[in-house]
């Protein structure tokens, strides 16, 4: 770590104070010297986190930096080997989530914990129901929930089923759940990952309102823009260790990311002019049936991707992106329409035949589709090519070529793992798993690369790397189809943006001629191209 | 972190193996307790008899062990092979008896075949019919989404009744007096290849060698071929296999057919052993089929592991026979076997305990040397606790 000394006062000063233990400040939560070990790793190594009353405190770090572990310790899910937790200056023991509840600590998990066939109200009171003689008494609860919803400006319909409301609404339900339990310390675990830009703005506003009312918030994230937007202070973890706590106002995004990653990171994707070639992928009037029969999940979509360009399909999760990709890759049947690759109609081709004909696919869910987690890294690296002459003879695997090929890829794509080629894929970090998939798909030298949310859940260092590889693919004349939910990624990486909404393409834009705001409107379906 | 693991206890193979051994020890301990309860004065002697098993009687006893190991080795392979590919073949019993019938039919009827070919044809028939009996649940699973456990349990009963019916109705096979099949022709018996000279046990024959050959074949198939690679990929992660364009439907069908064929061969080997065992017309499922499940579990679905598991179970089975000398009922041995199997299901638990202990050990050593802590890999993933999916082995 070598942050420039300028603008760095907050960070240095606070570090000094760490040792001496400031008692003057009004800390609601202090986690001091927390060490939590798992077999083989120290997930938290002498980490301290102090949250002031009424502040939004960001917890920043890459994946595997120990953020979740630290919060799980605070929430009573793990017991630390060393260290103490103080609340309002008094030491407390939190040995399970019920203890945390009693201490008024609440958490919104990344994946909401809601009962889908219950109403909003039922979900909010779940576990703390008001009863009388064994019967539910919902009237008082309803009054209380409505009052909370009004005073915090959290609009909800108490009688709607969770399965019928949007993700943004579900998040509000989770927040109300904490408020209903009169929690004082609210933990938000990567809350913006599932939201549209407008919903994110809303959430930021809500968070600010909550602290105004005296709540304290711990905000786990790796998005620096959001920290800049709402947080007062930020604690940075790297590899299980505390790097420091900084005043957000005095620290630039670049400094924070350097603290997080341990080296300078560039946010701007370095890419030159595109050199557009022939049409590689041509989709005509493609439709895919919906899961439940009624509505088509992909409705009459047509578009083209040419060699040397990155076309990005932007949209809110669940608007038909997955189905579109499955249809392109042959994993799901299209209802109608035509898909051509390099002029060849591949609509009827099997998955394998499409792969062999130059289609590569970085799947959305790397652990479900992308890898066989029980296989070794080497075995996974040949998942799409094990049947080729290079790796088998007469049905017998040529272990030597597999091994040496895997070693080449590991070196070339900097895939880090515990034991090299024989590492079990499931034991690798998410970023390296993704690198392995990327290496496997790109190295086959495909004509078309379909990448579905390739940076999901990755930290800035890995994101930077993946973006570079996508651009390198494009520059070497491949057609790249990127499906992304991240607007920064959409704006930075793509040469052309197609916005998808409810299975239809509603806009075809150039990133230079549009704004994040406008994209958000298209994505939410409140705007269509042509009707400005 | 590119250093190899110096601590031998941390190598997966060692951990896996020692967890099975631990299961066996705990099972035996429980068996000892049962012996104590039954008759405490004889318990120590009885326990010694169980552990020594066939070895108590020298080469004769070892021959006995090999003879009993043969059928359960094949049904164990059958179940283990299916496990590796993500399928639970509980239908080994039906496949076994179908194979047995096919072998007996050819053995009795096709006497026109020349000597050397007769037993081979009979065994091949057993393989084909066992395979067919596995193929059906495979097709149901792959194309109609019928769970293989349900369909292969049904196939067990259909197979049992069908064989009973066929034995009774086929002229020249049914021995009405004994309510069982007639012995097969001499030429249909598996050759002894001199094994009876080494192991002077009356029923000793070459079956064990054929069984071991299949262990090797399955090992090579699973670990050295692209077909095995595909099968394992489908077993571990059907979604990723689909993504990679592997034809999982075909693989499910083939995998069940191969598993069935292995059980069928098991049936063939037992009834072509020339040991005076005939297909009895009784309404009970062939026990050898079900015994394959514990063998596969104890062997952690690894073909070589299954070989040792089958030998071990055969050994304590022989010990169980000898137990009667001390006034114990032979059922005690069934309970002990069951206890071992029961604890072998805990093998995964033992495995994680052993890993944990070994890690703590090596960490303490590391701290003494005061080396800096290792780089932090991904947060700990949840242990994969699927029963039956043992070690990958695989491409290395």
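Within segment A:421-431, the set of residues being assigned to a helix (DSSP H, G or I), free of Cβ contacts under 8 Å to residues at least 60 places away in the same chain, at the interface with chain B (Cβ under 8 Å from one of its Cβ atoms) and within 27 Å of the chain's Cα centre (by Cα) comprises A:426, A:427. Of the helices (runs of 4 or more DSSP H) contained entirely in segment A:109-211, those carrying at least 2 residues that are touching a strand residue (DSSP E or B) at 6+ places or on another chain (Cβ under 8 Å) and touching a residue at least 12 places away in the same chain (Cβ under 8 Å) fall at A:167-180.
Residues in segment B:213-243 that are over 21 Å from residue A:394 (Cβ atoms) and either touching a strand residue (DSSP E or B) at 6+ places or on another chain (Cβ under 7 Å) or at the interface with another protein chain (Cβ under 8 Å from one of its Cβ atoms) (or both): B:236, B:237, B:239, B:240, B:241, B:242, B:243.
Among the residues of segment B:268-278, are any more than 14 Å from every other protein chain (Cβ to nearest Cβ), more than 19 Å from the chain's Cα centre (by Cα) and at positive phi? Taking every residue of segment B:268-278 in turn, at least one turns out to be more than 14 Å from every other protein chain (Cβ to nearest Cβ), more than 19 Å from the chain's Cα centre (by Cα) and at positive phi.
Among the residues of segment A:78-99, count how many are without any contact (Cβ under 8 Å) to a residue 60 or more places away in the chain and either assigned by TED's automatic domain parsing to the domain that holds residue A:178 or closer than 17 Å to residue A:32 by Cβ (or both).
Residues flagged as without any contact (Cβ under 8 Å) to a residue 60 or more places away in the chain and either assigned by TED's automatic domain parsing to the domain that holds residue A:178 or closer than 17 Å to residue A:32 by Cβ (or both) within segment A:78-99 amount to 15.
For segment A:255-273, check the following and say yes or no: at least one residue is free of Cβ contacts under 8 Å to residues at least 12 places away in the same chain and more than 14 Å from residue A:57 (Cα to Cα).
Taking every residue of segment A:255-273 in turn, at least one turns out to be free of Cβ contacts under 8 Å to residues at least 12 places away in the same chain and more than 14 Å from residue A:57 (Cα to Cα).
Does any residue of segment B:271-279 turn out to be part of a helix (DSSP H, G or I) and surrounded by 18 or more Cβ atoms within 10 Å (Cβ to Cβ)? The answer is yes, given that some residue of segment B:271-279 is part of a helix (DSSP H, G or I) and surrounded by 18 or more Cβ atoms within 10 Å (Cβ to Cβ).
Answer yes or no as to whether residue A:280 is within 14 Å of chain B (Cβ to nearest Cβ), touching a residue at least 40 places away in the same chain (Cβ under 8 Å), more than 20 Å from the chain's Cα centre (by Cα) and crowded, with 21+ Cβ neighbours inside 10 Å. It is false that residue A:280 is within 14 Å of chain B (Cβ to nearest Cβ), touching a residue at least 40 places away in the same chain (Cβ under 8 Å), more than 20 Å from the chain's Cα centre (by Cα) and crowded, with 21+ Cβ neighbours inside 10 Å.
In segment B:127-161, what residues are within 14 Å of residue B:249 (Cβ to Cβ) and assigned to a helix (DSSP H, G or I)? If the condition is that a residue be within 14 Å of residue B:249 (Cβ to Cβ) and assigned to a helix (DSSP H, G or I), then B:135, B:137, B:138, B:139, B:140, B:141, B:142, B:143, B:144, B:148 are the ones that fit. Within segment A:234-259, being within 14 Å of chain B (Cβ to nearest Cβ), outside any strand (DSSP E or B) and either surrounded by fewer than 16 Cβ atoms within 10 Å (Cβ to Cβ) or at pLDDT 85 or above (or both) holds for one residue alone: A:240. Counting only strands (runs of 3 or more DSSP E) that fall entirely inside segment A:19-93 and contain at least 2 residues that are within 14 Å of chain B (Cβ to nearest Cβ) and at pLDDT 85 or above, the qualifying elements are A:27-38, A:41-52. Filtering A:517, A:456, A:528 for residues that are part of a loop (DSSP other than H, G, I, E, B), over 20 Å from residue A:361 (Cβ atoms) and either assigned by TED's automatic domain parsing to the domain that holds residue A:221 or in contact with a helix residue (DSSP H, G or I) (Cβ under 9 Å, 6 or more places away or on another chain) (or both) leaves a single hit, A:528. Taking the numbered list (1) surrounded by fewer than 24 Cβ atoms within 10 Å (Cβ to Cβ); (2) under 22 Å from residue B:151 (Cα atoms) in turn, residue B:93 passes all entries but (1). When A:518, A:489 are checked against the criterion of being surrounded by fewer than 22 Cβ atoms within 10 Å (Cβ to Cβ) and either without any contact (Cβ under 8 Å) to a residue 60 or more places away in the chain or within 22 Å of the chain's Cα centre (by Cα) (or both), a single residue qualifies: A:518.
Per the listing B:81, B:101, the residue uniquely buried (at least 24 other Cβ atoms within 10 Å of the Cβ), more than 30 Å from residue B:342 (Cα to Cα) and at pLDDT 95 or above is B:101. For segment A:459-486, taking the residues that are without any contact (Cβ under 8 Å) to a residue 60 or more places away in the chain and in a loop (DSSP other than H, G, I, E, B), the one that is surrounded by the fewest Cβ atoms within 10 Å (Cβ to Cβ) is identified as A:476. Among the residues of segment A:385-415, the ones that are within 7 Å of chain B (Cβ to nearest Cβ) and surrounded by 23 or more Cβ atoms within 10 Å (Cβ to Cβ) come to 2 in all. For segment A:212-226, the criterion of a residue being on the phi > 0 side of the Ramachandran plot, in a loop (DSSP other than H, G, I, E, B) and in contact (Cβ under 8 Å) with a residue 60 or more places away in the chain is satisfied by at least one position.
Can you tell me which residues in segment A:349-371 are at the interface with chain B (Cβ under 7 Å from one of its Cβ atoms) and assigned to a helix (DSSP H, G or I)? Of everything in segment A:349-371, those that are at the interface with chain B (Cβ under 7 Å from one of its Cβ atoms) and assigned to a helix (DSSP H, G or I) turn out to be A:351, A:352, A:355, A:368, A:369, A:370.
The values are calculated or read from the model by the stated rules, or taken from the named source; none is laboratory data. What you see is a predicted model; the values in this text were computed from it and never measured. As a convention, Cβ positions derive from the backbone with ideal geometry for all residues, glycine included, and neighbour counts pool all protein chains shown.
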